[in-house]
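Shown next, in structure tokens, is the structure this report addresses.
Just so it is clear, none of the values below were taken in a lab; they were calculated from the coordinates. Every value quoted in this text rests on a predicted model; they were computed, and no experiment measured them. All Cβ positions, even for glycine, are placed from backbone atoms using ideal geometry, and neighbour counts span all protein chains on display.
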Amino acid sequence: MKVVKFGGSSLASAEQFAKVGKIIRSDELRKYVVPSAPGKRDSKDTKVTDMLYGCYAAAEAGENFKDKLAAIKARYDEIIKGLGLDLSLESEFKTIAENFKKKAGSDYAASRGEYLNGIIMASFLGYEFVDAAEVIKFDMEGNFDAERTNELLSARLENVERAVVPGFYGSYEDGRVKTFSRGGSDITGSIVAKAVKAEVYENWTDVSGFLIADPRIIDHPKGIETITYRELRELAYMGASVLHEDAIFPVRTEGIPINIKNTNAPEDNGTWIVESTCQKSKYVITGIAGKKGFCSVNVDKAMMNSEVGYGRRVLQAFEENGISFEHVPSGIDTMTVFVHQDEFMHKEQKVVSALHRLAKPDFIDIESDLALIAVVGRGMKSTRGTAGRIFSALAHANVNVKMIDQGSSELNIIIGVANEDFETAIKAIYDIFVLVQL
Ligand code: ASP
């Protein structure tokens, strides 16, 4: 069977719900449904999750939150009415208002978006409603408890032919609601797919899958047909944001593919995310993604190459200050550590003095406002000249490359450039691989 997750924009209105109903009913195998909360109906609209956070903040501050809650209820009532359902959320909203007064927490508040949408979805489809708080568990430190969840969820769904499990939240052992991070319904879908050993996890959204590059930078970039989990991890980490970056983990270990589909264009193939494939991607590269806002800390020391433990001491200076590093390219007498600028900035001088204490460098040089770009592709391993093409394209575009890092997996090449060259660099790389195919 298939597990299908629908994102907020797919469920923003009765009209969108109707499309979703059609999609589900068109395939018998779509037995388990994971809904998000209603998203934006148009670009100026507010997501119900954000309305809930806002409403709860007012409740917590002791303000009157009646109107804010009424506006949320109106969103659901509009959907119920539009679908012609015989359903009332009156008593649910009464309970929510009481719990807001008791300061039940912002996680509880936000989770009501999915919870209520799940009730509507179950009524609309005639499926059983399974509250995620009963089956998705977190330990008392707030870490997702994969084992316990899988036990509970597979047992709960074993004899349920068709069910709706709301996305985004679960609960601690003591029953208090806890949410995943934003966009976390994607993770719930993956957890449910694992628990029922689905044949595929379909993730329905408002785009036809992943694009080779960010459409805000490249005009109408081409889509990605098939991508491996590992490639996606590289791209997602660097900012490609169609799917929550943690959503691959539950299904990945089970070999369940994810198919990203478009609710507004269901006939499009979308993107398949798979463990491994013999299908070559159309271009040498599968995708390009990147992020601005990095700093590089360059540490120089004569004869660094022969000093055992030098790298560890350098990294210890960052560890002691609670800073995680992104990349560490090195030379004979130099080592550079790339870090997130906003994380590093206010601890900068502490790190510098720790470096002096631990590693006694000859000098330290810090550069800011850098961007990292990941060029990812399983095809790079078997193709000669990929790096050459990237760098000649960048040279032609007058982009100065500040750092190069190719992992030994040959799955990606990371390039560091100045923030201001970010867009130009991505365009140049896209053009050379996608538009000018050799
Ligand atoms: N509704 C939540 C959010 O807006 C979770 C989700 O949609 O996946 O982040």
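Packing-based ranking of 199-209, 72-82 yields 199-209, 72-82, ordered from highest to lowest mean Cβ neighbour count within 10 Å.
Legend: ranking of residues V337, V274, V308 from fewest to most surrounding C-beta atoms inside 10 Å; resulting order V308, V274, V337. Other residues within the sphere of radius under 15 Å centred on the Cβ of M380, judged by their own Cβ, net out at +3 (K and R +1, D and E -1).
Among DSSP beta bridges lying fully in the chain, give the percent that are antiparallel, nearest 5.
Looking only at bridges with both residues in the chain, the antiparallel portion is about 60 percent.
Cβ crowding within 10 Å, taken as a proxy for footprinting-reagent exposure, orders C295, C55, C278 from fewest neighbours to most as C278, C295, C55. Local charge sum around K427 (other residues, Cβ-Cβ under 13 Å, Lys/Arg +1, Asp/Glu -1)? Here the charged neighbours net out to -4.
By how many nm would the segment from E173 to T95 grow when fully extended, if each residue of separation counts as 0.36 nm and the alpha-carbon distance is taken off?
Working: separation 78, 0.36 × 78 = 28.08 nm, distance 2.14 nm.
Result: 25.9 nm gained on full extension.
Where only DSSP H runs of four or more residues are counted, the chain gives -11000 deg cm²/dmol as its mean residue ellipticity at 222 nm, each run worth -39500 (n - 2.57). Applying a threshold of 31 Å to the alpha-carbon distances of K47/K94; K94/K178; K350/K381 flags K350/K381 as lying beyond it.
Restricting segment 1-69 to GluC sites (Glu not before Pro) that sit in a DSSP loop and have at most 15 other Cβ atoms within 10 Å of their own Cβ leaves E28, E63. The alpha carbon gyration tensor of segment 232-288 gives principal lengths a ≥ b ≥ c with a/c below 1.5, which makes the shape rounded. About its Cα centre, the dipole of segment 187-269 is roughly 240 debye, where the only charges are +1 on Lys and Arg Cβ and -1 on Asp and Glu Cβ. If you take all other residues with their beta carbon under 11 Å from the beta carbon of D268, and give Lys and Arg +1 and Asp and Glu -1, the sum is -1.
Taken over the alpha carbons of segment 60-157 as equal point scatterers, the Debye sum produces base-10 log I(q)/I(0) values at 0.10, 0.15, 0.21 Å⁻¹ of -0.35, -0.75, -1.14.
Figure legend: label point modelled 7 angstrom from the Cα of N143 along Cα→Cβ; no residues of segment 187-224 have amide N under 12 Å from it. Output the 0 to 90 degree angle, nearest 10, between the alpha-carbon long axis of helix 310-320 and the longest principal axis computed from the alpha carbons of the chain. Roughly 40 degrees between the two axes. So how tilted is helix 66-83 from the main axis of the chain? Cα-based, degrees 0 to 90, rounded to 10. It works out to around 70 degrees. The magnitude of the dipole of the chain, with charges of +1 and -1 set on the Cβ of Lys/Arg and Asp/Glu and taken from the Cα centre, is near 480 debye. By how many degrees, between 0 and 90 and to the nearest 10, does the Cα long axis of helix 14-25 differ from the longest principal axis of the chain? Between helix and principal axis, roughly 90 degrees. Among V401, V165, the order by Cβ neighbours within 10 angstrom, fewest to most, reads V401, V165.
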